[in-house]
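The values are calculated or read from the model by the stated rules, or taken from the named source; none is laboratory data. In this text the structure is predicted, and so the values were computed from the model without any measurement. Neighbour counts are summed over all protein chains in view; Cβ atoms, including those assigned to glycine, are modelled from backbone coordinates with ideal geometry. For the accessible areas, the whole protein counts, side chains as well, though only heavy atoms, and no ligand, DNA or RNA atoms are used. Shrake-Rupley method; radii C 1.70, N 1.55, O 1.52, S 1.80 Å.
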Amino acid sequence: MLRAAAAADAGDRRVGDRVVGMSATTANMYRMVSIAEAQETVLKAISPLPVMSIGLMDAMGYILGKNVIAREPLPPFPASIKDGYAVVSSDGIGDYDVAFEALAGTAAGHLKAGTVAYITTGAPLPHGADAVVQIENTEKLPPGPEGQQRVRIVKPAKGPRDDVRALGSDIAAGEVVLAAGSLIGAAEIGLLATVGRATVKVRRKALVAVLSTGDELVEPDQDALGPGQIRDANRFMLAAAARSAGCNVVDLGIARDDPAQVEAKFQEALSTGVEVLLTSGGVSVGDRDFIKPILERQGTVHFGKVRMKPGKPLTFATINATASRSSSGQLVVFGLPGNPVSSIVTFNLVVLPALRAMAGWPEPRLRRVHARTQTDIKLDPERPEYHRVSLHWHRTGESAGELAAASTGGQISSRLLSMRSANALLELPAAQGVLPAGSIVSALLIDDLGSMPVPEGIPMIVPAL
Ligand SMILES: Nc1nc2c(c(=O)[nH]1)N[C@H]1C(S)=C(S)[C@@H](COP(=O)(O)OP(=O)(O)OC[C@H]3O[C@@H](n4cnc5c(N)ncnc54)[C@H](O)[C@@H]3O)O[C@H]1N2
Ligand code: MOO
């Protein structure tokens, strides 16, 4: 828990990180913490969720809860790498009777020296054979006097083991094929299937609820806006962001700027057993910003102001939920700012690492890269700014190239277009002046670089050998 910086007036009480009277207007008394401190506070307050069993078809995107060890070797028998003929390599070139067919999915037969067996890719090498000659290095001969198949080996096997996968050469028996803490992707699912894990132990992911607050908000399907109304963007955006982190989402709808309505929604979150509640709006310092005072009454507010742009009023609290169905024993609440860009940027910087940590990621933070800016960027003198950019690969001259950062334009926190196609947040320091184009800055990835804009003028390189 953090230290309250503001001095208490007589009659005020200390709650979590702040000294409060009871009105919402005291919300500006929170100590402004750094983003690093905010992230650390959140990660300290949460723990990985319990391990559960899941079917292989549904395991994508989970973190493995236990090491997975191969019980048998792969291949489980010496196997042919080619369609061709199983041979005794020392027999060499010559004409041979085809003694039998060794097909994939059948048991290995026995081959006598001086004969060959027709073999398919993946079939067990017959006992007695030690190599395979691919079909291209053979010629089919007319059948022998008793009608038996015959073949000419034109180019012999290079020696024993030629075109044979040795027993256990892909996976050794007893090998750890996946370590606890691994993120399960498509290849990992293939490995799990290979080693016979039809169900796997993975970390559960948080059940997340989303709630928008504000008298001005209407549903997106409202065609004509009334006076002062805007459509609710955050609830849908945050639900999608939580889902793309693999979480199931409960939609709590919109609460009006009325403490009773907001509190009723919090109760609904608790009784549904959600582990994480994302609210947006109502966390600033106005008389109608009720989120902080409600959180103070219901639980512990760990911070309520962060030195960052956008996202300054970001609020983080925990509410005891031992009486609810939540398996973590607490409801973790992120009070995200109402401005849409502030809410999605704070989601990426603070909520996403928390969801990942709950899901068991050993390193839940966003990945950092370095990039070169393409335009001048004005800095904020007071708050470090997370400038939205689209990163793409840029090649200059003969060099391998580097990531170039194209700004998404106007960065005001209401302009959601600044997040469109953004795949990274530049980490700009709080400073006077302008960061000149061509500067190298660090950037946090908020999207997969595999979907970055198609780089222009980057041909496939064939290395000169
Ligand atoms: N006196 C001060 N006022 C403000 C400060 C401050 O330090 N002192 N901070 C500003 C900053 S920075 C931010 S960010 C905002 C955050 O305010 P709230 O979290 O209380 O959000 P609201 O006031 O409810 O809304 C802000 C803005 O966003 C729109 N909004 C809200 N919810 C949604 C939604 N679900 N979908 C789309 N748009 C939404 C809302 O209509 C407002 O325009 O406070 C500043 N004020
Ligand atoms: O912190 Mo606010 O998010 O700048 O608009």
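The table below gives the values:
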item	result
Flag for LYS305 being more than 17 Å from ILE446 (Cβ to Cβ), in the same structural domain as LEU428 (by TED's automatic domain parsing) and either aliphatic (A, V, I, L, M) or within 16 Å of ligand 2 (Cβ to nearest atom) (or both)	no
Listing of strands (runs of 3 or more DSSP E) fully contained in the stretch 365-465 that carry 3 or more residues being open to solvent by less than 70 Å² (accessible area, probe 1.4 Å), modelled with pLDDT of 95 or more and over 22 Å from GLU37 (Cα atoms)	385-394, 402-407
Residues of the stretch 366-386 satisfying the condition of being away from ligand 1 (no atom under 16 Å from the Cβ), in contact (Cβ under 8 Å) with a residue 60 or more places away in the chain and among the charged types (D, E, K, R)	ARG367, ARG368, ARG372, ASP376
Residue count for the stretch 184-213, restricted to those that are surrounded by fewer than 20 Cβ atoms within 10 Å (Cβ to Cβ) and under 27 Å from THR272 (Cβ atoms)	2
Filter pass, ALA173 being away from ligand 2 (no atom under 16 Å from the Cβ), modelled with pLDDT of 95 or more and not in a loop (DSSP other than H, G, I, E, B)	no
Looking only at the stretch 214-226, and only at residues there that are open to solvent by less than 40 Å² (accessible area, probe 1.4 Å) and in a loop (DSSP other than H, G, I, E, B), the one that is nearest to LEU352 (Cα to Cα)	GLY214
Residue ID - most open to solvent (accessible area, probe 1.4 Å), chosen from residues in the stretch 113-149 that are assigned to a loop (DSSP other than H, G, I, E, B) and of a type in the set (Val, Ile, Thr)	THR121
Condition met for ILE344 (outside any strand (DSSP E or B), within 16 Å of ligand 1 (Cβ to nearest atom) and open to solvent by 20 Å² or more (accessible area, probe 1.4 Å))	no
Any hit, the stretch 409-420, residues being hydroxyl-bearing (Ser, Thr, Tyr) and away from ligand 1 (no atom under 16 Å from the Cβ)	no
Single residue of GLY311, GLY329 found to be in the same structural domain as VAL250 (by TED's automatic domain parsing), of a type outside the set (D, E, K, R) and within 20 Å of ILE446 (Cα to Cα)	GLY311
Lone qualifier among GLU398, GLU363 - being away from ligand 2 (no atom under 16 Å from the Cβ), without any contact (Cβ under 8 Å) to a residue 12 or more places away in the chain and within 21 Å of the chain's Cα centre (by Cα)	GLU363
